[in-house]
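K.L.:
Can you read through this structure? Questions will come right after.
The values are calculated or read from the model by the stated rules, or taken from the named source; none is laboratory data. Given the structure is predicted, the values throughout are model-derived calculations rather than measurements. Every residue, glycine among them, receives a Cβ derived from its backbone with ideal geometry; neighbour counts consider all protein chains shown.
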Amino acid sequence: MRMAVKAATASALLVLALVPASALAESRGLEVQVSYGGWTLAPFHPILESRTEDAILRSFESAVGSSLLGGFLSPLTARADFAKASGGSFSAVVWTHLGSSPFSLGFRADLFSFRLPYTVEVGESISIVGIPVARIDGRSAGTATIRGFGGSVLGRWAAVETRRFELHLQAGLMLFPYEGKITQDITAVVRTALGDVNVSGPWNMTIEEARGYSGEIPKAILTPLAAIEARLRLFPGGGIFGNLTFAQGTFVSAGLFLAI
């Protein structure tokens, strides 16, 4: 977490360092945007998906391992199948125009909540020093709920700018802290030389608890961000806009902008 915060801070300072002082001095003032929109993992497979998958598998291992003497013996290598992942986010951005140029510098805050329904099919043998000692066959189905508050430093270029219409391209870095909970129903059988162990029923775990089982699940993700935005000016200094953002998944949002 501290490394991610330091990286985001360093990126912001680098962007500011590259902006000429004269451009900031000639800034045309501030602009505020607020928006709400939907989210999906498609069509990408971002880091958030793989880290949530890690948390789900660690939760499955915990459930099965609790039924075995000595706990679970080795990490699973199964994959989670995410179906119809969805969610929403509220965003606010403050922009400062850099003189009379088409470039702007911005800072964005996001409040988000995502749902990732999933299934996991497991069929795996466990070996010690190459000798098979057990086999696990099972299935887990449930939902991972992710929530958090993110921040971004952005640059913006007005590719098209007329009296009423603007088209902007954006790029930057997003710091994506997150927490959440995994709820699941498990059906599994562990076959050993001493007999079979059946595991079934609900098993819930928080993301924070899953981090205790794996060092691969971070408290925050630092990710690049790219966006395209179309704006329609309805009155002097303000109007409406639509935004398509690619970061940890795909965000589609709409909202209002106002010069202050």
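K.L.:
In the list 175, 234, 258, which residue meets the criterion of being of a type outside the set (Asp, Glu), exposed (fewer than 15 other Cβ atoms within 10 Å of the Cβ) and touching a residue at least 24 places away in the same chain (Cβ under 8 Å)?
P.N.:
258
K.L.:
Tell me, which residue of the stretch 221-244 that is out of contact with any His (no Cβ under 9 Å at 6 or more places or on another chain) and of a type in the set (Val, Ile, Thr) is farthest from residue 162 (Cα to Cα)?
P.N.:
221
K.L.:
Go through the stretch 201-215 and count every residue that is at pLDDT 85 or above and assigned to a loop (DSSP other than H, G, I, E, B).
P.N.:
The qualifying residues number 3.
K.L.:
Quickly run through the stretch 92-130 and pick out the residues that are under 14 Å from the mean Cα position of the chain (by Cα) and either of a type in the set (Gly, Ala, Ser) or closer than 22 Å to residue 202 by Cβ (or both).
P.N.:
109, 113, 114, 115, 116
K.L.:
While we're here: Could you please let me know if residue 137 is among the acidic types (Asp, Glu), surrounded by fewer than 17 Cβ atoms within 10 Å (Cβ to Cβ) and either part of a strand (DSSP E or B) or touching an Asp or Glu at 6+ places or on another chain (Cβ under 8 Å) (or both)?
P.N.:
yes
K.L.:
Within the stretch 39-54, can you find the residues that are of a type in the set (A, V, I, L, M), in contact with a strand residue (DSSP E or B) (Cβ under 6 Å, 6 or more places away or on another chain) and more than 20 Å from residue 214 (Cα to Cα)?
P.N.:
Correct list: 41 only.
K.L.:
In the stretch 178-190, how many residues are more than 30 Å from residue 93 (Cα to Cα) and surrounded by 16 or more Cβ atoms within 10 Å (Cβ to Cβ)?
P.N.:
Number satisfying all stated conditions: 5.
K.L.:
Quick check on this structure: which one of 148, 172 is under 30 Å from residue 57 (Cβ atoms) and assigned to a strand (DSSP E or B)?
P.N.:
Only one candidate qualifies: 148.
K.L.:
So, of the residues in the stretch 155-168 that are in contact (Cβ under 8 Å) with a residue 60 or more places away in the chain and surrounded by 14 or more Cβ atoms within 10 Å (Cβ to Cβ), which turns out to be farthest from residue 221 (Cα to Cα)?
P.N.:
So, considering only residues that are in contact (Cβ under 8 Å) with a residue 60 or more places away in the chain and surrounded by 14 or more Cβ atoms within 10 Å (Cβ to Cβ), the one farthest from residue 221 (Cα to Cα) is 166.
Residue-by-condition table, conditions (1) polar (S, T, N, Q); (2) over 25 Å from residue 178 (Cβ atoms):
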| site | (1), (2) |
| --- | --- |
| 86 | yes, no |
| 89 | yes, no |
| 96 | yes, yes |
| 100 | yes, yes |
| 118 | no, no |
| 130 | no, yes |
| 134 | no, yes |
| 140 | yes, no |
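K.L.:
Looking at the stretch 87-124 only, could you name the residues that are surrounded by fewer than 21 Cβ atoms within 10 Å (Cβ to Cβ), at pLDDT 90 or above and of a type in the set (D, E, K, R)?
P.N.:
Of everything in the stretch 87-124, just one residue is surrounded by fewer than 21 Cβ atoms within 10 Å (Cβ to Cβ), at pLDDT 90 or above and of a type in the set (D, E, K, R), namely 115.
K.L.:
Follow-up. Would you check if there is a residue in the stretch 77-85 being modelled with pLDDT under 95 and among the β-branched types (Val, Ile, Thr)?
P.N.:
Looking for residues that are modelled with pLDDT under 95 and among the β-branched types (Val, Ile, Thr), one finds at least one in the stretch 77-85, hence yes.
K.L.:
Can you tell me which residue is surrounded by the most Cβ atoms within 10 Å (Cβ to Cβ) among those in the stretch 246-255 that are of a type in the set (S, T, N, Q) and modelled with pLDDT under 95?
P.N.:
The selected residue is 248.
K.L.:
While we're looking at this one, here's another question. Just to verify a result, which residue in the stretch 216-227, among those that are crowded, with 17+ Cβ neighbours inside 10 Å and outside any loop (DSSP other than H, G, I, E, B), is farthest from the chain's Cα centre (by Cα)?
P.N.:
Among them, the one singled out is 227.
K.L.:
Turning to a different aspect of this structure: Return the only residue of 190, 199 being farther than 16 Å from residue 53 by Cα, in contact (Cβ under 8 Å) with a residue 12 or more places away in the chain and in contact with a Lys or Arg (Cβ under 9 Å, 6 or more places away or on another chain).
P.N.:
Of the residues listed, the single one that is farther than 16 Å from residue 53 by Cα, in contact (Cβ under 8 Å) with a residue 12 or more places away in the chain and in contact with a Lys or Arg (Cβ under 9 Å, 6 or more places away or on another chain) is 190.
K.L.:
Pick from the stretch 198-208 the residues that are more than 18 Å from the chain's Cα centre (by Cα) and either within 17 Å of residue 116 (Cβ to Cβ) or of a type in the set (Val, Ile, Thr) (or both): which of them is surrounded by the most Cβ atoms within 10 Å (Cβ to Cβ)?
P.N.:
Restricting to residues being more than 18 Å from the chain's Cα centre (by Cα) and either within 17 Å of residue 116 (Cβ to Cβ) or of a type in the set (Val, Ile, Thr) (or both), the top hit is 205.
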